[in-house]
Amino acid sequence: MTRGRADKQTGAVKDIHAIYYGERASAGLQFTEGTLISRQGHGWSGAPDIYSKEQIEAWQAVTAAVHKANGVIFCQLAHSGRACHSDVTGHPIVSASAIPVSGEATGLNHEKKPYEVPRALTVEEIAVIVGDFATAAKNSIEAGFDGVQLHSANGFLIGQFTQSCSNQRTDGRVRRLDREPSSLLQGGACRSRRCHRQAACVDPLEPQQAPSMTWARKTTLRPLTLRSSWPHRSRLLGLSCSTALPLGSTRRAPYTLEQARAAIASVDPKSQTALAGNVGYTLETAEKAISEGRADIITFGRPFMSNPDLPERFRDGAVLAPDSQYPDWWVNDTAEGYITFPRATAAA
């Protein structure tokens with residue numbers, strides 16, 4: 001879940017991030033919020049990055065806090081592509097094709113501005129971005145993360161290549177970026193033994209525009225496919241798949257965990273890749289999905305914001321705290337609404 005609060009000048013996380021992730025270490029496995037691989041892909045002011053020495057060192061405090069509490073944490077690597085504004089990145093906006101997002105982008109100090117028309121990436125520039133992902137994977141391991149997750153959902157760059165509404169390229173080499181996750185994992189870091197835990201986060205039915213998390217009325221949707229050419233499929237630890245509409249809606253999208261299972265099996269029938277479902281689950285629906293074998297993991301986002309001890313509350317049948325207010329999600333830059341939620345035992 002996007003929480004922000006990183007240093008707006010350096011993109012480095014702060015002491016409060018170590019507290020936040022450390023408090024939630026009982027999850028067993030955590031995925032960070034989208035962490036940007038380059039300044040070009042920096043989505044919005046206050047987002048965390050992982051491409052500089054200062055940023056790597058700042059993340060080390062976070063991973064140390066999680067490991068001290070016996071937790072495991074993966075870094076979710078992302079490039080925003082067209083889902084950002086040049087006011088924030090300082091670079092021209094790029095994407096698969098020169099098709100802008102509808103609506104407004106979040107600029108500096110959360111000021112809203114119309115999305116810009118992105119410049120279509122050249123084949124050579126795509127190769128550079130693939131290299132940036134590989135470098136970010138190396139940086140993640142240096143920062144102490146236990147693995148990496150590729151953010152391929154919510155309208156970010158990889159998703160912009162996999163969706164026909166944002167990709168109208170005619171050069172066959174890069175018609176869709178559903179071939180590119182394999183390239184991202186071919187980077188030096190992921191071919192080495194230092195980065196052998198990789199996962200992917202996908203939104204199989206992604207709306208035309210998702211940065212604002214709104215469901216577009218007119219959109220071209222393409223069901224999730226995994227190419228048989230994926231060279232690292234035996235080493236893909238997990239696939240996280242959104243099976244509900246945005247913002248935690250409990251209304252199911254027309255895509256199921258069964259379809260995601262079939263997609264994985266179509267690549268490798270003997271695959272041991274774990275399938276994680278997310279968005280809109282309760283304890284009961286999560287346990288049902290796992291007990292029925294439809295998912296191996298169910299992930300929780302919004303409930304974890306205001307319930308740092310969510311697993312313990314589930315275990316003990318404790319009442320969950322109400323969801324945090326939207327401004328606390330990522331608009332506010334302070335500790336308030338971030339590390340100010342008490343544990344159930346402290347609230348009793």
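Bear in mind that the values in this text are calculations on the coordinates, not laboratory data. Predicted, not measured: the structure shown is a model, and the values here were computed from it. Neighbour counts are summed over all protein chains in view; Cβ atoms, including those assigned to glycine, are modelled from backbone coordinates with ideal geometry.
Across segment 83-146, the volume of the C-alpha convex hull divided among the residues equals 117 Å³ per residue.
On the principal axes of its alpha carbon atoms, segment 1-128 extends 46, 32, 25 Å, with the longest extent given first.
Give, in nm to one decimal, the length gained when the segment between residue 285 and residue 142 is fully stretched (0.36 nm per residue of separation minus the Cα-Cα distance).
My answer for the length gained is 47.8 nm.
For residue 116 and residue 302, what does the FRET efficiency come to when R0 = 22 Å and r is the distance between their Cβ atoms, rounded to the nearest 0.05? Here the calculated transfer efficiency is 0.15. Between residue 109 and residue 270, the C-beta separation translates, for a Förster distance of 45 Å, into a calculated FRET efficiency of about 0.30.
Plugging the Kirkwood radius over Cα pairs into Stokes-Einstein for segment 1-48, at a temperature of 20 °C and a viscosity of 1.002 mPa s, what D comes out in µm²/s? Answer from the Stokes-Einstein relation: 188 µm²/s. Rg over Rh for segment 269-348 works out to 1.06, using Cα positions for both radii and the Kirkwood form for Rh. Taking a ≥ b ≥ c as the square roots of the eigenvalues of the alpha-carbon gyration tensor, segment 32-95 is classed prolate because a/c is 1.5 or more and a/b outweighs b/c.
The separation of segment 100-114 from segment 275-338, counted between C-alpha centres, amounts to 28 Å.
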